[in-house]
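The values are calculated or read from the model by the stated rules, or taken from the named source; none is laboratory data. Note that the structure is a prediction, hence the values are computed from the model and not measured. Neighbour counts are summed over all protein chains in view; Cβ atoms, including those assigned to glycine, are modelled from backbone coordinates with ideal geometry. Surface areas here come from the heavy atoms of the whole protein model, side chains and all, with no ligands, DNA or RNA. Shrake-Rupley method; radii C 1.70, N 1.55, O 1.52, S 1.80 Å.
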Amino acid sequence: MTMKAALFLRITLLSLCAGAGAAPALADTVVVSADHMIDVLAGRVVDHPQITIVDGRITAVAAQGSAITPGARRVDLPGMTLLPGLIDMHTHITSDPRYGGYHGLEFTDNFWTVVGVANAKKTVEAGFTTIRNVGSGNYDDVAIKQGIEQGFVPGPRIVPATYAIGATGGHCDDTEFPPSISVPEPAVANGPTEIRATVRKLRKYGAEVIKFCGTGGVFSKTDTVGGQQYDLAEMQALVDEAHMLGLRVAVHAHGTAGINDAIRAGVDTIEHGSLADAESFALAKQHGTWFSMDIYNDDYILAEGEKNGMFKESLAKERSIGLKQRQTFQAAVKAGVKMVFGTDAGVYPNGNNARQFATMVKWGMTPMQAIQAATANAAEALGRTADVGAIAVGRYGDLIAVTGDPLADVTRLQSVAFVMKGGDMVKGPSP
């Protein structure tokens with residue numbers, strides 16, 4: 001045998017021996033138990049649950065005492081109730097309401113990315129493991145999503161919209177400057193052709209949902225809150241383009257005519273919906289449209305808006321619309337319109353998202369309905385029922401826990417004691 005052949009044989013034998021002695025990679029397994037669990041799909045409470053999560057996905061939902069994989073990590077939560085990780089369908093993760101009006105101009109553009117990183121941590125620690133971010137400058141929500149997914153910063157799963165699309169002079173345009181000041185407007189588009197091109201551009205740079213402004217709004221300085229800003233043909237072009245590209249569509253719409261045309265155009269969710277009427281409800285039920293109504297933030301805006309520098313025009317609009325929106329929410333619930341949980345976090349502080357649950361219950365929902373709006377319903381509206389929104393086999397191991405019974409006192413969701421995202425501990429006792 002030549003020296004070269006002998007060396008080759010020795011290397012081969014060493015490799016075989018090393019391979020034979022190597023242990024197979026073990027799956028990461030964690031088992032979570034608690035006193036109770038809310039099954040949002042069945043609308044019931046399960047006592048003494050035991051949840052097994054393997055490599056980030058739920059593999060078993062069983063009763064305590066069921067077999068446990070040897071070596072699995074254990075998390076026992078006595079006195080607590082488990083729920084799926086919560087979903088907020090309307091956030092602005094890079095916003096902070098303390099910098100209202102012109103105060104935001106005191107900072108460099110990238111300041112808001114830093115704000116978003118801090119808000120992402122607050123949000124996930126508050127129990128919201130998934131958010132749909134429906135408006136962010138500079139593609140910041142995509143950047144934060146990427147940073148979270150690569151493990152650089154903590155935060156929820158983000159479904160980003162990037163910029164919200166809007167008409168010239170509308171709610172999604174910057175209308176607070178004189179003609180001599182020109183600011184970039186990457187998502188201001190007029191007419192079907194421009195709108196279609198803008199949808200394509202936003203998708204190119206990371207949008208996973210398209211958000212557009214169909215009517216005026218509260219925080220825009222010069223428009224009326226309910227005035228329609230895209231006509232039906234423009235809305236149809238936007239929705240058709242987004243759906244063709246596999247994206248769902250959310251529309252900012254306070255006014256009745258804009259809401260109704262948006263539903264006719266095929267949007268997936270109505271955001272705000274303040275002045276929806278009986279025709280709106282009938283159209284929504286006919287088309288399967290979801291309503292996302294931010295009915296808590298009126299309290300914060302009216303209490304803190306002036307101190308935060310909010311435009312006086314915006315405060316006046318909020319005073320005119322806030323109560324009407326809550327009354328519309330109550331009517332929509334009674335009419336059987338499909339509802340999801342959306343807060344407009346960023347208009348009030350991110351991380352306080354759960355304060356809306358009590359307002360939803362006050363204005364007509366049961367605690368179970370409010371929780372389902374932020375879990376099973378939201379997952380369905382996102383088209384992500386295989387991943388999030390329930391404690392069920394195959395979905396991500398996104399779990400939260402609160403002390404006591406949130407169905408008896410929904411404000412308990414404001415004090416989440418335990419958060420797990422994809423089987424990894426975010427907040428709570430170490431396994």
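A few remarks follow.
- Test result for Phe418, open to solvent by less than 10 Å² (accessible area, probe 1.4 Å), of a type in the set (Phe, Trp, Tyr) and under 18 Å from the mean Cα position of the chain (by Cα): no
- Residue within the range 374-388 that is open to solvent by 30 Å² or more (accessible area, probe 1.4 Å) and at pLDDT below 95 present: no
- Test result for Ala143, open to solvent by 30 Å² or more (accessible area, probe 1.4 Å), out of contact with any His (no Cβ under 9 Å at 6 or more places or on another chain), under 21 Å from Lys211 (Cβ atoms) and not aromatic (Phe, Trp, Tyr): yes
- Residue among Lys324, Lys334, Lys307 that alone is among the charged types (D, E, K, R) and in a loop (DSSP other than H, G, I, E, B): Lys307
- The range 389-415 - residue that is open to solvent by 10 Å² or more (accessible area, probe 1.4 Å) and of a type in the set (A, V, I, L, M) and, of those, nearest to Gly351 (Cα to Cα): Val410
- Residues of the range 243-269 satisfying the condition of being out of contact with any Lys or Arg (no Cβ under 7 Å at 6 or more places or on another chain), crowded, with 24+ Cβ neighbours inside 10 Å and over 22 Å from Arg319 (Cβ atoms): Val249, Val251, Asp261, Ala262, Ile263, Val267, Thr269
- Among the residues listed as Ala354, Ala390, the single one being among the small types (Gly, Ala, Ser) and more than 26 Å from Gly322 (Cα to Cα): Ala390
- Restricting attention to the range 282-334 and to residues that are acidic (Asp, Glu) and over 29 Å from Ala381 (Cβ atoms), the residue that is most open to solvent (accessible area, probe 1.4 Å) turns out to be Glu306.
- Residue in the range 183-196 that is among the β-branched types (Val, Ile, Thr), assigned to a strand (DSSP E or B) and more than 26 Å from Ser314 (Cβ to Cβ) present: no
- The condition of being open to solvent by less than 20 Å² (accessible area, probe 1.4 Å), touching a helix residue (DSSP H, G or I) at 6+ places or on another chain (Cβ under 9 Å) and outside any helix (DSSP H, G or I) holds for Thr162.
- Residue in the range 97-140 that is modelled with the lowest pLDDT, counting only those that are part of a loop (DSSP other than H, G, I, E, B) and crowded, with 20+ Cβ neighbours inside 10 Å: Gly100
- Search result, residues across the range 103-127 that are in contact with a Ser or Thr (Cβ under 8 Å, 6 or more places away or on another chain) and of a type in the set (Phe, Trp, Tyr): Trp112
- Residues in the range 211-243 that are farther than 17 Å from Asp261 by Cα and either among the aliphatic types (A, V, I, L, M) or assigned to a strand (DSSP E or B) (or both): Val218 alone.
- Some residue of the range 48-65 being at pLDDT below 95, out of contact with any strand residue (DSSP E or B) (no Cβ under 7 Å at 6 or more places or on another chain), assigned to a loop (DSSP other than H, G, I, E, B) and not hydrophobic (A, V, I, L, M, F, W, C): yes
- Counting only residues that are of a type in the set (A, V, I, L, M), in a loop (DSSP other than H, G, I, E, B), farther than 15 Å from Thr130 by Cβ and touching a residue at least 60 places away in the same chain (Cβ under 8 Å), the range 404-431 holds 2 of them.
- Hey, Gly71 more than 29 Å from Asp39 (Cβ to Cβ), open to solvent by 60 Å² or more (accessible area, probe 1.4 Å) and either touching a helix residue (DSSP H, G or I) at 6+ places or on another chain (Cβ under 7 Å) or in a loop (DSSP other than H, G, I, E, B) (or both) or not: no
- Residue count for the range 165-198 satisfying the condition of being open to solvent by less than 20 Å² (accessible area, probe 1.4 Å), under 15 Å from Ser136 (Cα atoms) and of a type in the set (A, V, I, L, M): 2.
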